Every structure is written in C-alpha cells, then in structure tokens.
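Student: One structure coming up, written as structure tokens, with questions to follow.
Every number in this text was worked out from the coordinates using simple rules, so none of it is lab data. The structure displayed is predicted, hence computed values, not measured ones. Methodologically, a virtual Cβ is constructed for each residue, glycine included, from the backbone with ideal geometry; neighbour enumeration extends over all protein chains shown.
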Amino acid sequence: MVINHPLLGPRDSSEFVYLGDASLMNRPNWLDKDAGQKFYTYQYLRDNPHLEHKELWFHEQGDRSWLIVTRNTSTHEILKVELAKKFFDKGG
Amino acid sequence: MRYSLLKIIKEGLTGNKGWRPIWRNPEPKKKYDVIIIGGGGHGLSTAYYLSNVYGINNIAVLEKGWIGSGNIGRNTTIIRSNYMLPGNEPFYELSLKLWEGLEQDFNYNAMISQRGIINLFHSDGQRDAYARRGNAMLLEGADAELLDEDSVRDICPFLDFNNARFPIKGGLMQKRGGTVRHDAVAWGYARGADNKGVDIIQNCEVTGFKIVNGVCKGVETNLGPISANKIASCAAGSSSRVMSLAGIKLPIESHVLQAFVSEGLKPILPNVITFGAGHFYVSQSDKGGLVFGGDIDGYNSYAQRGNLPVVEDVCEGGMALMPIIGRAKLLRMWGGVMDMSMDGSPFIDKTHIQGLYFNGGWCYGGFKATPASGLCYAHLLATDEPHEVATELTLDRFIHGKIIDEKGVGAQPNLH
C-alpha cells in the first residue's frame, strides 16, 4: 500500500507503524463517574468495520507524524489521508 | 456409508460406481433446535460433536459460501499444544488428544501426521523461557522436550546454526505435534454431522438476527427467516461483521495473514520448524511443497490477500533460518482473515442476548483448536455451562482483568 502523506507525498506503508481505529484518539476522562466502563470500551472493544475504516498510522521511518488514514478494509484502497494533529488541536 | 479397506477393494473391483456424495444439500427448514452460523472447521466440528456426543440432531449449519472456504482451507495445517498459560494449555492439550483419535472417531482420512514440532531458540534467555513453557506443558499432561544444539542438528542438519546474528542454540520439541490435511477435517466433520441428520446449508448468508425482548429467536438469511432456540455464531475472521448485526461490539480486530507454498521438493524437512528470532514457521506437505508463513500484515483487513512487505519479511525469516529455501521457487501464496483478539486468546461464551452464543477470536491459531473448539462449543450449547477446559475463554474477561495474554503485549491485536 502507498500512503499519500499530506506533507511528504506518497510513502510506502512499510515506513509506518499501525495503531488501529482512529477512535483511540478519544481517550475517556478518568474523572468521569463511569470511567472504568468507558476505559474498558475504549481500550478493548472495536467496531472493526467492513469497508470504510478510519485508522491511525505513525510515520516512524519518516517525519514521525500521526496520520488518520481512511481506508477500505476489503480492497485496501486508501480514500483519504489527514494529519492527526489538526484533530488534536481542536481538542477532539 | 462407512469407509474401510474392504469397501475400497470392493469399489476398486466394481469400477468405483458405488461412491456417493458425503453430505446432502437440503433446503432449510423453518425451525431448528440450534443454528450454527459458519460452515468452517469450527462450525462443522461443533455440529459434529453436538449431534454425535450431546445427542442434539435438529441442527442447521449456515454457510455464506461453500463449506471449508474460509480459514480451514487457508492455514498452514499445524497442530500442537505448546501453550503456557493455565487458561489455554488444558484446552489445546484436549484438542491434540482429540486430533490423535479423530480419524477413527469420524471414519475419515485426515492424514494426521504427528511428525513433531520444534520451536528453535537462539539465546540463553529464550532457552529459559522455553524450558519454562515446556514445564508448564508437562504439568498439564502434554509432552515437551528441550533439545540442545546437537540434537537439533541431528534432526535438521540444513539449518543455519552459525548465523552471525541468531545462532541456533537448541529447541523445544513437542513430538506429538504435527500436521493434518486441513480440507479433510472440514469434510470429515461435515460427513459425520450430516450422517446424524444435521442440515448443512451452503450459499446461505445470515443478514440479521431476530431479537425480541433480549432473546434471540432466529436469523434472517438470503433464503428467508429461520428460527431456532439457540443461535451459535462461529464465523471467525468475520465475527465482528456477524455480531454487529446483533448490535454487539467485540474485543476483536480482523487482520490478514498470508501463507505460502513452494514447488514440490524431495523429502527434506522431517517435522515442523519455527524460527525463534523472527516470525517464520515451515513444514513440508506430503506432496513435497514447503508450507510456510509468518506475521500478519498488521492492519485491519477483510481482504483475503496481503501486501508485499510481509512477503519480503517472511522470505527473509526463511533465508535466515534455512538458506536452502532460497533455491526453491514459490508456487502459491494466499491470505486469510483472522479474528485478532485483544489478548491473543479465543472466546467460547454466551452473549448478553439470551439464546445467542459466540465462538471466535482465534487469532492465527484456530486450526489446531478445531476439535476442542467444536467439543467445548457443543458442550456450552447443550448444557449452558462452559466445558471444564474452556472456563476462562469468556467474552467479558477484559473488564475483570482476567486476560490470557501468552505474549504479554496487551491490547494491541496486531502484536499477538
């Protein structure tokens, strides 16, 4: 697979480390009343969708940025690549 | 029709005209006692043990494609019980014992070959870890033997013992491990279940569940609705897709694992070998091909094919372990979709929906588990209690901190 990095252009996927579902960015607040249940859901349960999947890739062999890649899990076609940073800056 | 030497001779002398298809292709009935979703190895073995051991015969196995078209037909055919943790080892040892008697049990030639498996080690620390694992296996009644370098050299002189980076220092051998003709396992179980009246319904895709007030009453399929008292999902690889139809989110990611087979060679590899420094395992099939594999590709995938970086990685592992493999041409490669669970261990459990049961999360170790998975799932379906070797394979174990993490890498499925 070739990941079209927003800053560096097309890069081979083997330069990246895969973390998983992009929802892993939304870490629960440990002060919440039901934080235990929320952290269980956050850490262990996955939607694991067929077809479109938003996921986190880390450019370890490159600029060490985190990317949110939207990819088809049935064809491996990459539909969209964004810097994860801009979502962090928005606080979400 | 029972198979025997006498039967083969008789058919041979009469033009082989008496052989019949070994399972029917029935139309689905309106209602069953048990519906099993998934006609793979585990689904068919579940149907087999339910009908042959637990006396429940009114069963349908619903298969989206044709039976045995998933991972039972895509694996590297290895059987073994060299696990360490108490939640796993008794289960896999039961499975190996069932393998040992399987062909007599279901009267079908599955070409079970207990040629032994050797896990190589390359350092002192790894030797200690394997000694510990071997002891854990012995405690559960399995067999294990720690081999030194010379013993491994006697068995497999062609390995790269003096590799500069990962010299081979010995191996943990399980002599009762080996290989099985994988497709025959699906066919043998299908035949044994069909003989007891189980309906195996192919090209029947489950498209939804009928759930009323928290009770699962049946399934919707492309062949119409079918109701049942108990519905058993057994579709590892696609577990999340099936269970999402019931609104259940699983501790599973689907990943693709590739396998490879070389051109046919003369007998060279006497048993199953696994490389301890990378992820590479290899055996030689009865046709002579070297059957080998390595790591999963590492990203969510429902595609039954992988990408080239892992092909390169597997071949590098092969070359580091046994340089002679470089002279063999690759004949075929393919991929299968794995239920990668959050701790690398499987699930055989009820769900919070009454009447809906779940079997999955086999990661890339499902083939060896086929008999025990079927027996334990059948036990759960028949008695509503977990089998004594499967009490820890629960769906809610993460919330209770009772993970079964053989590798100790935590909730990162692509590292298991």
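Student: Considering chain B as a Gaussian network with a 10 Å cut-off on Cα pairs, which listed residue, B:Gly65, B:Gly38, B:Gly177, attains the greatest mean-square fluctuation?
Tutor: B:Gly65
Student: Rounded to the nearest 500, what is the 222 nm mean residue ellipticity of chain B from helices alone, with -39500 (n - 2.57) per DSSP H run of 4+ residues and division by all residues? Please list the in-between numbers first.
Tutor: Details: 9 runs with 110 residues, N = 416.
Per the formula, -8000 deg cm²/dmol.
Student: Take the alpha carbon atoms of segment B:131-151, find their center, do the same for segment A:1-49, and report the distance between the two centers in whole angstrom.
Tutor: Taking the Cα centre of segment A:1-49 as reference, the centre of segment B:131-151 is 39 Å away.
Student: Can you classify the protein assembly as shown as rounded, prolate or oblate using the Cα gyration tensor, where a ≥ b ≥ c are the square roots of its eigenvalues, rounded means a/c under 1.5, and otherwise it's prolate if a/b beats b/c and oblate if not? Write down the numbers at each step before the final one.
Tutor: Numbers: a/c = 1.57, a/b = 1.07, b/c = 1.48.
In terms of gyration-tensor shape, oblate.
Student: Another question, then. Just to confirm the number: angle between the C-alpha axis of helix A:35-44 and the first principal axis of chain A, 0 to 90 degrees, nearest 10?
Tutor: The helix A:35-44 is inclined about 30 degrees to chain A.
Student: Net charge near B:Lys407, counting Lys/Arg +1 and Asp/Glu -1 over other residues with Cβ under 13 Å of its Cβ?
Tutor: -3
Student: Given points 7 Å out from each Cα along the Cα-Cβ axis, report the A:Ser74 to A:Asn4 separation in nanometres with one decimal.
Tutor: Inter-label distance under the simple model: 2.2 nm.
Student: Stretch B:Phe161-B:Ile22 to full length: gain in nm at 0.36 nm per residue minus the Cα-Cα span?
Tutor: Values: separation 139, 0.36 × 139 = 50.04 nm, distance 4.79 nm.
That works out to 45.3 nm of additional length.
Student: For segment B:29-44, take each phi angle, set θ = phi - 60°, evaluate the Karplus expression 6.51 cos²θ - 1.76 cosθ + 1.60, and give the result in whole Hz per residue in order, putting x for glycine and proline.
Tutor: So the Karplus estimates, Gly and Pro as x, are 7, 6, 8, 10, 6, 9, 10, 9, 8, x, x, x, x, 5, x, 5 Hz.
Student: So how much slack lies between B:Glu220 and B:Asp396, counting 0.36 nm per residue of separation and subtracting their Cα-Cα distance, in nm? Don't skip to the answer; put the middle values down first.
Tutor: Values: separation 176, 0.36 × 176 = 63.36 nm, distance 2.68 nm.
Extra length from B:Glu220 to B:Asp396 when fully extended: 60.7 nm.
Student: Can you spot the lysines whose alpha carbon is less than 24 Å from B:Lys29's alpha carbon? Ignore those fewer than 8 places along the same chain.
Tutor: Reachable lysines: B:Lys64, B:Lys196, B:Lys210, B:Lys217, B:Lys230.
Student: Taking A:Lys86 as the anchor, which lysines have their alpha carbon closer than 21 Å to its alpha carbon, excluding any fewer than eight residues away along the same chain?
Tutor: A:Lys54
Student: Need the list of aspartates and glutamates near A:Lys85 for cross-linking: C-alpha distance under 14 angstrom, and skip anything on the same chain fewer than eight residues off.
Tutor: A:Glu55, A:Asp63
Student: I'd like the FRET efficiency for B:Val311 and B:Lys10, computed as 1/(1 + (r/R0)^6) with the beta carbon distance as r and R0 of 56 Å, rounded to 0.05. Please list the in-between numbers first.
Tutor: Numbers: r = 48 Å, r/R0 = 0.86.
For R0 = 56 Å, the calculated efficiency reads 0.70.
Student: What is segment B:218-279 by shape, rounded, prolate or oblate, if you read a ≥ b ≥ c off the alpha carbon gyration tensor as root eigenvalues and call it rounded for a/c under 1.5, prolate for a/b larger than b/c, and oblate otherwise? Present the calculation step by step, with values, prior to reporting the outcome.
Tutor: Working: a/c = 3.62, a/b = 2.35, b/c = 1.54.
Prolate.
Student: Relative to the longest principal axis of chain B, what angle (0 to 90°, nearest 10) does the C-alpha long axis of helix B:124-139 take?
Tutor: 40 degrees
Student: Any idea what angle helix B:182-195 forms with the longest principal axis of chain B, computed on alpha-carbon atoms, 0 to 90 degrees, nearest 10?
Tutor: 20 degrees
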